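See structure below.
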Amino acid sequence: MAWAWFHRFASPPWIYGFAQRWAPWFGGSAALLMLVALFGGLWLAPPDYQQKDAFRIVYIHAPSATFSLAVYTAMAIAAAVGLIWRMKVAHAVAAACAPIGAWLTVATLVTGSLWGKPMWGTYWAWDPRLTSELILLFLYFAYMALRAAIEDPAKADKASAVLAVVGVVNVPIIRYSVTWWNSLHQKATTKLLGDPDMDGSMVWPLLLMLLAFALYIAAVLLVRLRAELLRRERNASWIREVLG
Amino acid sequence: MSRGLDDFFAMSGYAFYVWWSFGVGFGIVILNVLLARAALRRAERDARRRLEMNP
């Protein structure tokens, strides 16, 4: 049963149809949840006792940062699946992840420095968390540049997949940098297991925004995946049917 | 909850940092959607052109 699913995901026309059907639903629900989370975070949540209203930057900074890492991890897993099982769809997923993750990393760095200035007194410091996040951006750039530089798609898939898999070592470094080293950056406010360090009135908009970002990224990824599949499957007969 | 609109926009003196963060952050959220749609339109146009050349 599980293998039947796996094989279905390997079929470009099936994935293309799935992406076409589901992207609007993911995108629509993401937009709705984002609006509610924004209202909760900017208006309903009380100001922080130390950071006052500046703490509200968390509602855009933390989701961007979380998903800059999650998208890289997804990209590396897809690249590894592509390498191991020679699955073309998996390479297409990895390629579709890269620009989305790169933009999220830019958002993380910009919102982070806009938060750092009033709290730390500087827009930038060569701190472990900040530096490793900047390296993440360079990894995304390197992945995209490598793909663009190799003309043969199969070779581009293979070379960029190796880079994505090797670069995944940076993900736990970013995640745990605030624990392993002395960092200006605060530790995580929400945990996968256990209670968050925030009051309930502040944490629900954050959790809602994280859910909204997950749906939003799924929607954008599915649109980019369709573009990737059309480019790669240029001679396949199913393209005539879906574009007909 | 009882604060007025002036307080809301002032963000207790952090207006510049808060509003720029949300502006850039959600600007990128929207940009990601526009770029993905543009990539899809480009790929569809190229695929259609190939189909016309090889009917």
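We did not get these values from a lab; they are worked out from the coordinates using the rules stated. Note that the coordinates shown come from a computational prediction; the quantities given were computed from them, not determined experimentally. For neighbour counting, all protein chains shown are included, and Cβ atoms are generated from backbone atoms with ideal geometry for every residue, glycine included.
Residue-wise, which Karplus ³J(HN,Hα) couplings in Hz belong to region A:63-78, taking 6.51 cos²θ - 1.76 cosθ + 1.60, θ = phi - 60°, and x for glycine or proline?
With coefficients 6.51, -1.76 and 1.60, one gets x, 4, 5, 4, 7, 5, 7, 5, 5, 5, 4, 4, 4, 5, 5, 4 Hz.
Write down the radius of gyration of region B:5-53 and its Dmax, each obtained from C-alpha positions, in Å.
19.8, 62
What Kirkwood hydrodynamic radius, in Å, does the protein assembly as shown give when the mean of 1/r is taken over all pairs of distinct Cα atoms and then inverted?
20.6 Å
Does anyone have the angle between helix A:200-232 and the longest principal axis of chain A? Alpha-carbon axes, 0 to 90°, nearest 10?
Tilt relative to chain A: about 20 degrees.
Taking neighbour Cβ counts within 10 Å as the exposure measure, how do A:Arg21, A:Arg226, B:Arg42, A:Arg175 sort from fewest upward?
A:Arg21, B:Arg42, A:Arg175, A:Arg226
If you line up the long axis of helix A:12-39 against the longest principal axis of chain A, both from Cα atoms, how many degrees apart are they, to the nearest 10?
So the helix axis and the longest Cα principal axis differ by about 10 degrees.
State log₁₀ I(q)/I(0) for region A:67-189 at q = 0.10, 0.12 Å⁻¹ as given by the Debye formula over alpha-carbon point scatterers of equal weight, solvent excluded.
Each listed q corresponds, in turn, to -0.33, -0.46.
Between helix B:15-53 and chain B, what is the angle of the helix's C-alpha long axis to the longest principal axis, kept within 0 to 90° and rounded to the nearest 10?
10 degrees
Below 8 Å between Cα atoms, with a sequence gap of 6+, how large is the relative contact order for region A:70-168 in percent?
Across region A:70-168, relative contact order equals 36 percent.
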